[in-house]
Amino acid sequence: KIPEILLNSGHKMPVIGFGCAANSIPPLDEMISILLKAMEIGYRHFDTASLYGSEEALGKAVAKALEIGLIKNRDELFITSKLWITHTHPDLVLPALKQTLKTMGLEYLDLYLIHWPLRIKEGADPVKLEEGDALPFDMIVNQVEMNVNWQQRKLVPFCKAKGIHVCAWSPLGASGTIWGSNAVLENQVLKDIAASRNKTIAQVALRWIYEKGVTLIVKSFNEERMKQNLQIFYWELSKEEKDQILCIPQHRGPVGRGDLFIVKNGPIKSVEELWDGDI
Ligand code: A2P
């Protein structure tokens, strides 16, 4: 069983989540099979978004899992979806959530995230939500890009001090996707550690996040890699290995920078401003 952490809401969340975003989501039946395979392997936490085009498949996979007895109750699963930036206006939040629940055929989500802290109207420039106020509401989970190449050295302790749980997206650098790169899986420090420990590079990358007390969303639609990505328990990185990882030069991934939200004459003038200088 995958370990769980306790959120400040009192709910528990499995430390590894299954990412349901891809360059292109496979056809419905194939995607449902992938998700059922993931549940069979042991994944209990699934992360989708209205943007990803996988909400319907995930909802149908949950129904099928209940039908065939793979799980007995809905509450054995932790399901996350996200509000897209076209619907972050207060009047549009509830309708968007209702639409997500309808698409998924679910009565509730375990976590509903604001996909980006921005709002956009078609044809208009993006607006940063609650400009200048870093914490406009009681935050439970802050899901951010985090991996050995972007270690979130300021944000993780900041959130910890506030009781906010940090969850990492792109823990493997989203290699092979249009928004990621192979920079994590090709990292020489990780390669050397993996070789000396008889682990894969992915396992070292994921274990490093886990040891930071951060949960992670990892995506693989391949059965062998799905299994591999759960094998990060019962071993640990040494102090020397962690020191080597600390020396890796830092940069955000291409889409994680949010350059697409910097619009001429728009309210957000630079990526530095978008990230309050943490870039
Ligand atoms: P695939 O689905 O073919 O396994 P991230 O979780 O950082 O978003 O990265 C996801 C990308 O990394 C996907 O392209 C996925 O491809 C690939 N991937 C996932 N797990 C592994 C692994 N254990 N080894 C190598 N590549 C992996």
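Please treat every number below as a calculation from the coordinates, not as lab data. Not measured: the values here are computed from a predicted model. When we count neighbours, we look across all protein chains shown, and the Cβ atoms used for this are built from the backbone with ideal geometry, even at glycine.
Taking θ = phi - 60°, what integer Hz values does the Karplus form 6.51 cos²θ - 1.76 cosθ + 1.60 yield along the stretch 158-173, in sequence order, with x for Gly and Pro?
4, 5, 4, 4, 9, x, 9, 7, 9, 10, 9, 9, 6, x, 9, x
List the extent of the Cα atoms of the chain along each of their three principal axes, largest first, rounded to whole Å.
The principal-axis extents, from largest down, are 52, 48, 35 Å.
What residue among Leu83, Leu51, Leu113 shows peak mean-square fluctuation when the chain is described by a Gaussian network model with Cα springs under 10 Å?
Leu51
Add +1 for every Lys or Arg and -1 for every Asp or Glu among the other residues with Cβ under 13 Å from the Cβ of Gly256, and state the total.
That works out to -1.
Karplus couplings for the stretch 201-210 from phi (6.51 cos²θ - 1.76 cosθ + 1.60, θ = phi - 60°), rounded to Hz, Gly and Pro as x?
These are the phi-based 3J(HN,Hα) values: 4, 4, 5, 5, 4, 6, 4, 4, 5, 4 Hz.
Show me the trypsin sites (Lys or Arg not before Pro) within the stretch 241-279 that DSSP assigns to loop and that have at most 12 other Cβ atoms within 10 Å of their Cβ.
Within the stretch 241-279, the qualifying trypsin sites (Lys or Arg not before Pro) (loop, at most 12 other Cβ atoms within 10 Å) are Lys264, Lys269.
So what J values fall out for the stretch 261-269 if you push phi through Karplus, 6.51 cos²θ - 1.76 cosθ + 1.60 with θ = phi - 60°, rounded to Hz, Gly and Pro as x?
8, 8, 10, 4, 6, x, x, 9, 8
If I model a spin label at Gln99 and Ser238 as a point 7 Å from the Cα along the Cα→Cβ vector, what separation in nanometres do I get?
Taking the two extended label points, one gets 5.4 nm.
Give me the net charge for the shell around Ser50: Cβ to Cβ below 12 angstrom, other residues only, Lys and Arg +1, Asp and Glu -1.
So the surrounding residues net to +1.
For the chain, what is the calculated [θ] at 222 nm in deg cm²/dmol (nearest 500), taking -39500 (n - 2.57) for each run of four or more DSSP H residues and dividing by its residue count?
Here the helix-only value at 222 nm equals -9500 deg cm²/dmol.
Computed FRET efficiency, Cβ-Cβ of Leu66 and Arg153, R0 41 Å: what is it to the nearest 0.05?
0.45
Relative contact order for the chain: what percent, with Cα pairs under 8 Å and sequence separation of 6 or more?
18 percent
Name the chymotrypsin sites (Phe, Trp or Tyr not before Pro) in the stretch 186-241 that are in a loop by DSSP and that have at most 15 other C-beta atoms within 10 Å, would you?
Listed in order of number, the matching sites are Phe233, Tyr234, Trp235.
Are there trypsin sites (Lys or Arg not before Pro) in the stretch 14-76 that DSSP puts in a loop and that have at most 11 other Cβ atoms within 10 Å, and which ones?
Lys72
What lysines sit close enough to Lys82 to cross-link, taking a C-alpha to C-alpha distance under 21 Å and skipping anything fewer than 8 places away on the same chain?
Of all the lysines, those that pass the test against Lys82 - Cα under 21 Å, at least 8 places apart if same chain - are Lys12, Lys60, Lys98, Lys102, Lys121, Lys128, Lys219.
Could you pull out every residue, at least 5 positions away or on a different chain, whose amide H is within less than 5 Å of the one on Ile114? Hs are placed 1.01 Å off N in the peptide plane, and Pro or chain starts have none.
Answer set, sorted by chain and number: Leu83.
Using a Gaussian network model of the chain with C-alpha springs under 10 Å, which one of Pro117, Pro90, Pro126 is most mobile by mean-square fluctuation?
Maximum among the listed residues: Pro90.
Would you list, by chain and number, the lysines whose Cα falls below 19 Å from the Cα of Lys242, excluding same-chain residues fewer than 8 positions away?
Within the straight-line cut-off, Lys242 pairs with Lys154, Lys191, Lys199, Lys212.
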